[in-house]
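The values are calculated or read from the model by the stated rules, or taken from the named source; none is laboratory data. These numbers were taken from a predicted model, which means no experiment stands behind them. Cβ placement follows ideal geometry from the backbone for every residue including glycine, while neighbour counts extend to all protein chains displayed. SASA here: full protein model, heavy atoms, side chains in, ligands and nucleic acids out. Shrake-Rupley method; radii C 1.70, N 1.55, O 1.52, S 1.80 Å.
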Amino acid sequence: MSLQEIVIDGEETVDTKNALISIDSPISLKYVAAGRIAQSVLSYLVREITERRMTNVYDICHAGDSLIELETSKIYKNVDEKGVAAPTTVDVNNCVQGYSPLDRDSAYVLSNGDIVKISLGVHVDGYTSLVSHTLIALPTIIPNDQVAPATGVLADVICATYLATEAVTSLLGTVLYRYENQLGCYGNRPVNGERIREIVESVAKTFQVKIVPGSAVRRIKRFLVGQDTVHEVDIKGYTWGSISIEAMTDDPDEGDLKKMIDTEAPAEPGEAWLVDISMCTFSGLESDLNKKNGLQLSRRTLKPHRDLKPTIFTRDYNRHLSMKLKSARGVLIEVDSRKSVYPVHLSALSTSGAALGVAALVNAEIMAPTKVMMIQGSPAPIGARMRTTVLLMPSAKHVGEVVRLSGGSIKPSWVHSEFEVTDEEIIELLSEKRAGVRVRNIQGIAVNMVKDDVQEMEVE
């Protein structure tokens with residue numbers, strides 16, 4: 001399916017292809033299938049890092065993408081569009097986006113104490129599950145032998161990111177058991193983008209950390225999960241700006257023109273939502289903060305890595321030019337036929353001379369690179385990221401439940417912060433009862449690299 005079809009089909013098509021009627025509906029089952037694979041691959045990578053000492057970032061990213069392609073090939077044989085929705089990236093310490101190296105020899109090798117953010121995505125017929133997880137790399141210590149939790153600012157930022165994600169997940173779920181009386185309300189207030197912002201910023205303030213631009217909590221639809229290159233309408237939720245350097249402004253009314261988000265529209269049963277929250281430690285200057293929001297970093301603190309070239313690219317369907325270069329035309333045909341609106345890793349392209357072709361397409365602004373972005377500062381801030389995809393699933397038998405496609409059953413590293421949440425509403429959302437919200441975590445299955453891929457990594 002192309003982007004043109006998404007836009008031209010109009011509102012009626014969007015409704016029929018996005019409404020979540022029940023957990024057994026065809027749309028829901030595709031979401032769940034994508035979520036199960038995302039959860040399985042993430043669990044595999046976490047286990048490889050923490051228990052089996054996989055420390056080369058190239059190996060981690062290669063394993064993630066290979067497993068996604070392998071597992072999606074086993075399901076929905078009649079569906080052509082499925083596979084990687086977001087190439088696996090491993091962003092370490094003050095890196096917040098886009099690191100997925102092309103070769104093993106030059107790739108970063110994890111060190112003891114690194115803060116590691118693993119991100120990946122899976123889709124089945126455009127129904128997408130994105131996930132990110134943060135852990136502390138302890139390649140010399142078996143987790144069960146760790147004698148004490150990590151503390152200090154590293155613990156603060158991991159706790160804040162995790163708790164904010166959990167609180168927002170519960171908050172979204174409250175619309176399921178209150179919508180019969182007052183649509184989208186909790187505590188007599190709408191559950192909308194502004195309410196979400198208050199929750200996330202309250203947690204950030206409590207743990208004395210800052211929100212990284214690019215964080216977002218928003219409704220997603222088939223094929224549409226917030227790609228910078230895609231024009232969307234009817235978006236609701238909240239975003240803390242864009243991480244794109246093409247829109248480096250702290251004014252929420254400037255830049256991000258492709259993403260006009262309605263922060264007042266309430267969440268509703270039958271919707272899919274993405275919760276994507278990044279936070280970082282901060283000991284810098286006031287000038288490094290957003291002028292209109294002191295709890296958010298200024299986008300000017302984010303800079304592309306000066307040595308690491310982008311390896312992930314996304315097709316911009318708003319641009320159409322005739323390319324003279326044969327490799328550029330080949331890449332364009334391959335991307336349009338196989339990758340649709342999702343980002344693609346350079347190594348996943350089979351077109352001869354793909355690197356040269358992609359470079360030409362980037363120069364023509366037909367493809368947009370995902371730059372390796374770093375948070376600047378002295379000392380360098382440390383970032384954490386949690387991302388999960390949830391379905392607000394109604395039910396005829398009970399009030400409904402939040403179906404958490406990915407990230408729910410994988411706990412963060414063992415940390416202890418000196419700060420704790422005191423806001424009564426957030427405490428209720430984080431409690432064991434989760435303010436009365438039913439949450440079902442989709443469980444992963446056992447996955448393993450095929451023998452040939454394992455041998456290839458060992459030889460290299």
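What full-extension length gain, to one decimal in nm, is calculated for LEU29 and ARG319 as 0.36 nm per residue of separation minus the Cα-Cα distance?
101.0 nm is the gain from fully extending LEU29 to ARG319.
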Item to complete: First measure r as the distance between the Cβ atoms of ARG189 and LEU356, then evaluate 1/(1 + (r/R0)^6) with R0 = 35 Å and state the FRET efficiency to the nearest 0.05.
Response: 0.05
Worksheet item: For the range 318-326, in order, what is each residue's ³J(HN,Hα) by Karplus, 6.51 cos²θ - 1.76 cosθ + 1.60 with θ = phi - 60°, in whole Hz (x at glycine and Pro)?
Response: 7, 10, 9, 9, 8, 8, 7, 6, 4
Discussion item. Please report the accessible area of HIS231 (heavy atoms, 1.4 Å probe, ligands and nucleic acids excluded) in Å², nearest 10.
Written reply: 90 Å²
Worksheet item: What's the carbon and sulfur percent of the chain's accessible surface, probe 1.4 angstrom, rounded to a whole number?
Response: 51 percent
Worksheet item: Where Lys and Arg each count +1 and Asp and Glu each count -1, what net charge lies around ARG338 among other residues with Cβ under 9 Å from its Cβ?
Response: -3
Worksheet item: Normalised by the number of residues in the chain, what is the relative contact order in percent for Cα pairs under 8 Å and 6+ residues apart?
Response: 23 percent
Fill in: Interatomic Cα distance distribution for the range 13-101, bins of 5 angstrom, percent
2, 13, 19, 20, 17, 11, 9, 6, 2, 0
Item to complete: Determine the order of CYS159, CYS280 by accessible area, beginning with the largest, at a probe radius of 1.4 Å.
Response: CYS159, CYS280
Worksheet item: With each run of n ≥ 4 DSSP H residues scored as -39500 (n - 2.57), what mean residue ellipticity at 222 nm is computed for the chain after dividing by its residue count and rounding to the nearest 500 deg cm²/dmol?
Response: -9500 deg cm²/dmol
Discussion item. How charged is the neighbourhood of SER119? Take every other residue with its Cβ under 14 Å from the Cβ of SER119, and add Lys/Arg as +1 and Asp/Glu as -1.
Written reply: 0
Worksheet item: How many Å² of accessible area per residue for the range 263-419, probe 1.4 Å?
Response: 45 Å²
Worksheet item: Given a 1.4 Å probe and the protein chains all in place, what does the accessible area of LYS74 round to, in Å² to the nearest 10?
Response: 120 Å²
Practice prompt. Using only protein heavy atoms and a 1.4 Å probe, report how much of THR55 is accessible, in Å² to the nearest 10.
Written response: 30 Å²
Discussion item. Among LEU295, LEU120, GLY173, which residue has its Cα furthest toward the positive end of the charge dipole of the chain, with +1 on Lys/Arg Cβ and -1 on Asp/Glu Cβ?
Written reply: LEU120
Practice prompt. Provide the packing ranking of 361-373, 260-272, i.e. peptides ordered by the mean count of other C-beta atoms within 10 Å per residue, highest first.
Written response: 361-373, 260-272
Worksheet item: Suppose every K and R has +1 on its Cβ and every D and E has -1 on its Cβ; what is the size of the dipole of the chain about the Cα centre, in Debye to the nearest 20?
Response: 420 debye
Fill in: Mean accessible surface per residue for the range 96-141, computed with a 1.4 Å probe while every protein chain stays in place, in Å²
27 Å²
Worksheet item: What's the FRET efficiency of LYS433 with GLU198 using the Cβ-Cβ distance as r and R₀ = 22 Å, to the nearest 0.05?
Response: 0.55
Fill in: Residue-span extension gain [ARG47 to LYS291] - 0.36 nm each, minus C-alpha spacing
83.7 nm
Worksheet item: Can you pull the semi-axes for the range 371-418, root of five times each eigenvalue of the Cα gyration tensor, sorted largest first, whole Å?
Response: 35, 16, 9
Response to the item:
extent check for the chain: Cα max minus min per principal axis, descending, whole Å, gives 60, 54, 46
